[in-house]
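Please read the structure below before turning to the comments.
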Amino acid sequence: MTILELLAGRKATRAIAIEALDRTVIGDLAEAARLTPSCYNKQPWRFLFVTSDEGRDRVVGCLADGNKPWALRAPLFVVASSRVSDDCELPDGRRYHQFDLGMSVMNLMLAATEQGLVARPMAGFDSGAIRQAFGLDEQDEPMVVVAVGKPSEDESHLPDSFSGLGDRPRQRRPVEEIVTWK
C-alpha cells in the first residue's frame, strides 16, 4: 500500500468493536510513534497506553459527554502528552513540542490504519482530570486521547447523530484552496 492509499483509507469512525487488541499490534503502534522525527531530536511526546478495564473507565470518566457513548467500547486508549521542558524553542520564539506530538500521533494513527484498526482522536476531554486520574507529571500536557480498536459494522451503540457518519465520503478542501504555487 502506498502512503497516499493509506491516508485515503484512514477513517475515524466511531463504530468500534468490543474486542481486545493483540499486544504485538499495540507494540507496533508504540514503535510507530517512537520513530517520529522531532525538532533537535527532543522527542517531547509521552504516551499512556490504557488497556485495563479500570484504566479505560478512568479515561471514559474524563471524556466529554459526546464522546462517552461510543468511546467506552474502545479496547485501547492512547493519552498523548507533550513536555514543554523537552521543547526546542527557536530564537524567534517558535515552539515545536505540540507539532512534534502531532506528528507522532499521526504516525500511530497511520500504523493503526495499516493494521486495519480505527484510531479516533478526541479533543473532548478534561486534561486536568486525565493528569490527576493517572498521576501524570505536571510538565506533561495531555493534548489528545485516541480511541483505538477494530472497526465494527454494529452502530447500535451510537447516538442517531453519529449513525452512518463512517460511511459518508470524507470532505477535504481542494488542493487549490490550501496550496499556493510560486
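The values are calculated or read from the model by the stated rules, or taken from the named source; none is laboratory data. Everything numeric in this text was worked out from a predicted model, so none of it was measured. A quick note on method: Cβ atoms are made from the backbone with ideal geometry, for glycine too, and the neighbour counts reach across all protein chains shown.
Tell me whether the range 39-54 contains one or more residues that are assigned to a helix (DSSP H, G or I), crowded, with 17+ Cβ neighbours inside 10 Å and modelled with pLDDT of 95 or more.
No - not one qualifying residue is present in the range 39-54.
Of everything in the range 1-55, what is within 14 Å of the chain's Cα centre (by Cα) and among the polar types (S, T, N, Q)? Give them in sequence order.
Scanning the range 1-55 gives a single hit, Thr13.
For the range 56-69, check the following and say yes or no: at least one residue is hydrophobic (A, V, I, L, M, F, W, C), out of contact with any Phe, Trp or Tyr (no Cβ under 6 Å at 6 or more places or on another chain), within 25 Å of Asp22 (Cβ to Cβ) and touching a residue at least 60 places away in the same chain (Cβ under 8 Å).
Looking through the range 56-69, none of the residues is hydrophobic (A, V, I, L, M, F, W, C), out of contact with any Phe, Trp or Tyr (no Cβ under 6 Å at 6 or more places or on another chain), within 25 Å of Asp22 (Cβ to Cβ) and touching a residue at least 60 places away in the same chain (Cβ under 8 Å).
Does the range 158-177 contain any residue that is modelled with pLDDT of 85 or more, within 24 Å of Ala20 (Cα to Cα) and not in a helix (DSSP H, G or I)?
Within the range 158-177, not a single residue is modelled with pLDDT of 85 or more, within 24 Å of Ala20 (Cα to Cα) and not in a helix (DSSP H, G or I).
Against the conditions (1) surrounded by 20 or more Cβ atoms within 10 Å (Cβ to Cβ); (2) modelled with pLDDT of 95 or more; (3) of a type in the set (Asp, Glu), where does Asp140 fall short? Just the number, please.
Unmet for Asp140, out of (1) surrounded by 20 or more Cβ atoms within 10 Å (Cβ to Cβ); (2) modelled with pLDDT of 95 or more; (3) of a type in the set (Asp, Glu): (2).
Output the residue which, of all residues in the range 55-77 that are in contact with a helix residue (DSSP H, G or I) (Cβ under 9 Å, 6 or more places away or on another chain) and not in a helix (DSSP H, G or I), is nearest to Ile130 (Cα to Cα).
Checking each candidate, the answer is Leu63.
Answer yes if at least one residue in the range 22-38 is loosely packed, with under 13 Cβ neighbours inside 10 Å and either basic (Lys, Arg) or touching a His at 6+ places or on another chain (Cβ under 8 Å) (or both), and no otherwise.
yes
When you look at Thr51, is it under 17 Å from Leu110 (Cα atoms) and of a type in the set (Ser, Thr, Tyr), yes or no?
Criteria not met by Thr51.
Given Gly116, Gly93, which one is without any contact (Cβ under 8 Å) to a residue 40 or more places away in the chain and within 22 Å of Gly27 (Cβ to Cβ)?
After applying the criteria, what remains is Gly116.
May I ask you to list the residues in the range 3-24 that are hydrophobic (A, V, I, L, M, F, W, C) and farther than 27 Å from Pro69 by Cβ?
Ile3, Leu4, Leu6, Leu7, Ala8
Can you go through Ala71, Ala123 and tell me which one is small (Gly, Ala, Ser), within 15 Å of the chain's Cα centre (by Cα) and crowded, with 17+ Cβ neighbours inside 10 Å?
Being small (Gly, Ala, Ser), within 15 Å of the chain's Cα centre (by Cα) and crowded, with 17+ Cβ neighbours inside 10 Å holds for just one of Ala71, Ala123, which is Ala71.
State all residues of the range 134-150 that are closer than 18 Å to Gly61 by Cα and small (Gly, Ala, Ser); if no residue qualifies, say none.
Gly135, Ala147
How many of the residues in the range 81-140 are assigned to a loop (DSSP other than H, G, I, E, B) and acidic (Asp, Glu)?
Residues flagged as assigned to a loop (DSSP other than H, G, I, E, B) and acidic (Asp, Glu) within the range 81-140 amount to 6.
For the structure I just gave you, tell me whether Ala33 is among the hydrophobic types (A, V, I, L, M, F, W, C) and either within 17 Å of Glu141 (Cα to Cα) or outside any loop (DSSP other than H, G, I, E, B) (or both).
yes
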